[in-house]
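Below is one structure, written out as structure tokens; the observations come after it.
The values are calculated or read from the model by the stated rules, or taken from the named source; none is laboratory data. Keep in mind the model is a prediction, meaning the values are calculated, not measured. We place every Cβ from the backbone using ideal geometry, glycine too, and count neighbours over all the protein chains shown.
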Amino acid sequence: MRYDTLIVGAGFAGLYMLHRLRGLGHRARVLEAAAGVGGTWYHNRYPGARCDVQSMDYSFSFSEELQNEWDWSEKYATQPEILRYANFVADRLDLRRDIQFETRVESARYDEGENLWRIETDTGEVLEARYYVIATGCLSVPKAIDIEGTDDFQGQSYHTADWPREGVDFSGLRVAVIGTGSSAVQSIPIIAGQARELTVFQRTPAYSLPAFNRPLDEAERAAWRAEYPEHRHRSRYSLFGVPDYPMDKGAFDVSDEERAAAYEAAWQTGTLIAILQQYNDLLVDEKANETAAEFVRNKIRGIVEDPEVAETLCPKSFPIGTKRACLDTNYYQTFNLPHVHLVDVRKTPIERVTARGVKTADQEREFDAIVYATGFDAMTGAIVNVDVRGRGGRELKDKWADGPRTYLGLTVSDFPNLFMITGPGSPSVMSNMIISIEQHVDWICDCLSWMAAHGYDTVEAGSDAEQGWVEHVNEVANATLFPQANSWYMGANVPGKPRLFLPYIGGVGPYRVKCEEVAAADYEGFRFGQGGKVGATRPAAAG
Ligand code: NAP
């Protein structure tokens with residue numbers, strides 16, 4: 001079958017892309033491996049899974065109808081509610097008739113002669129399209145579990161990112177959770193409420209902030225809606241995709257008392273960014289950062305009753321904010337429960353999983369169930385898991401062997417007519433994803449319209465523009481504290497993955513302005529043409 005555009009993934013990015021392409025008159029189709037829409041929210045059904053961006057922000061802004069017809073029930077929506085929202089969007093926009101479920105894309109090859117992408121699926125189908133849009137999400141491929149013996153375990157094993165649809169009841173069981181990132185931090189309090197014994201294996205403690213989640217009532221939703229036009233505008237031109245706090249001072253421009261009061265007020269907001277946006281030097285100056293880090297550590301010490309457990313839960317090996325902070329409900333409080341135990345695997349490393357449980361350097365503990373909350377092969381995993389080949393059969397995996405190379409996180413040179421939504425080199429995971437998704441989809445559609453108006457059917461990033469963007473992404477990241485952490489932002493959580501900052505930390509607003517400028521300058525840095533041939537590179541956009 002031949003299409004104008006094939007989109008991979010039916011998460012929020014794929015849904016909006018399909019909707020917009022229909023508006024352009026494209027014959028478009030979405031291929032989705034899962035049996036339903038929702039992407040990350042389809043798979044991550046672990047207990048306690050919630051968004052860490054407020055639900056009124058984490059929702060589409062492009063349609064008044066969607067905004068007005070959907071009522072979020074809580075400040076932070078649960079995974080089931082977000083999944084219902086994704087289904088509501090799919091139904092409301094009548095998208096399902098162009099989505100093919102249970103179809104995994106295995107390879108995507110650009111045919112230079114025909115100027116089209118040929119896509120092969122695990123169902124044996126071959127589909128062709130002029131444009132290929134990758135909408136597979138940033139956190140969709142669980143990283144391979146790098147612990148020996150996982151197959152030997154005789155009990156139940158689960159991964160937070162591949163949770164059984166029917167749910168799991170841990171009542172009466174001895175449960176192990178391995179990992180203490182966001183997925184673990186959200187699930188541990190709920191699992192503790194069911195399990196007979198819960199043991200948490202922690203390698204690196206996280207900075208977790210309280211969500212202070214609560215129901216939303218009609219008056220609050222109405223107040224948000226009244227503010228939406230202004231609020232959405234500020235989000236689009238903000239640093240993280242939600243309105244910024246004013247950051248006109250450094251951490252040491254104020255007294256210790258004033259700073260402590262500001263952090264306390266920020267803590268009480270129950271949001272991820274409030275603390276990090278109190279001062280303009282927190283993500284670039286170690287000493288400034290330490291003031292916020294120590295504030296959070298003191299909160300942990302105040303909540304956790306056993307001083308030794310509290311100290312083990314205090315993160316000290318990386319600046320606050322350089323790994324994504326977590327947002328929790330009763331995480332630290334859970335460690336005050338008598339049946340919840342914490343194992344510091346830095347002190348007693350996990351040697352292996354055995355038939356009966358987990359063996360650390362000092363002892364073997366027996367479990368009925370093990371939950372792996374060990375994270376993802378982020379940003380690039382889902383893209384290179386597909387055998388993507390561009391001009392001359394060049395493999396994307398090879399091109400990215402030393403790290404992803406993109407122009408604006410949207411396109412790749414030598415891979416004509418390929419677009420990525422929230423790809424590496426764009427703000428993506430450093431932002432409210434919905435805002436970034438909308439910006440990318442709109443930019444791609446504007447580019448396609450411009451091409452149609454100019455009689456082009458081929459677009460490709462120029463290699464100079466790409467090189468300039470890669471350097472700019474690294475330069476901006478290297479001016480911050482982010483490279484200090486062994487985070488998934490840095491690819492450092494996956495053994496063997498090149499270590500470099502994967503998203504763009506220059507800010508959602510500045511990035512958006514850059515994309516607008518590129519478009520206004522007739523798509524500076526891109527090459528256009530017909531039938532697969534492209535002309536000279538327009539001058540590369542400066543960073
Ligand atoms: P993650 O942040 O990468 O955390 C993985 C955890 O597993 C880390 O504590 C890691 O320790 C540990 N781990 C990995 N391999 C291990 C091993 N071999 N032995 C011992 N410990 C090991 O993954 P995640 O919690 O799934 O979250 C990933 C991202 O998804 C988040 O940062 C967030 O962006 C997103 N997310 C968001 C939400 C939300 O919206 N609320 C919820 C869940 C996830 P090390 O740190 O030492 O490697």
Screening Ala28, Ala33, Ala10 for residues that are more than 16 Å from the ligand (Cβ to nearest atom) and within 18 Å of the chain's Cα centre (by Cα) leaves only Ala10
Restricting segment 196-235 to residues that are in contact with a Lys or Arg (Cβ under 8 Å, 6 or more places away or on another chain) and farther than 22 Å from Leu327 by Cα, the one nearest to the ligand (Cβ to nearest atom) turns out to be Glu197
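Restricting to segment 104-126, what's the tally of residues that are crowded, with 21+ Cβ neighbours inside 10 Å and either at pLDDT below 95 or touching a Leu at 6+ places or on another chain (Cβ under 7 Å) (or both)?
Total satisfying the criteria: 3.
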Any residue in segment 126-151 that's under 26 Å from Pro349 (Cβ atoms): show its pairings with residues that are of a type in the set (D, E, K, R) and away from the ligand (no atom under 16 Å from the Cβ) at Cβ separation under 7 Å, as long as the two are six or more apart or on different chains. none
If a residue must be surrounded by fewer than 21 Cβ atoms within 10 Å (Cβ to Cβ) and part of a loop (DSSP other than H, G, I, E, B), how many such residues does segment 423-452 contain? 0
Would you please name the residue that is nearest to Ile370 (Cα to Cα), looking only at residues in segment 151-165 that are within 16 Å of the ligand (Cβ to nearest atom) and either crowded, with 17+ Cβ neighbours inside 10 Å or among the β-branched types (Val, Ile, Thr) (or both)? Tyr158
Residue check, Ile320 within 15 Å of the ligand (Cβ to nearest atom) and not small (Gly, Ala, Ser): yes
Matching residues in segment 38-72 - criterion: being on the phi > 0 side of the Ramachandran plot and away from the ligand (no atom under 16 Å from the Cβ): none
Restricting to segment 362-400, name every residue that is hydrophobic (A, V, I, L, M, F, W, C), more than 16 Å from the ligand (Cβ to nearest atom) and in contact with a strand residue (DSSP E or B) (Cβ under 9 Å, 6 or more places away or on another chain). Ala369, Ile383, Val384, Val386, Val388, Leu396
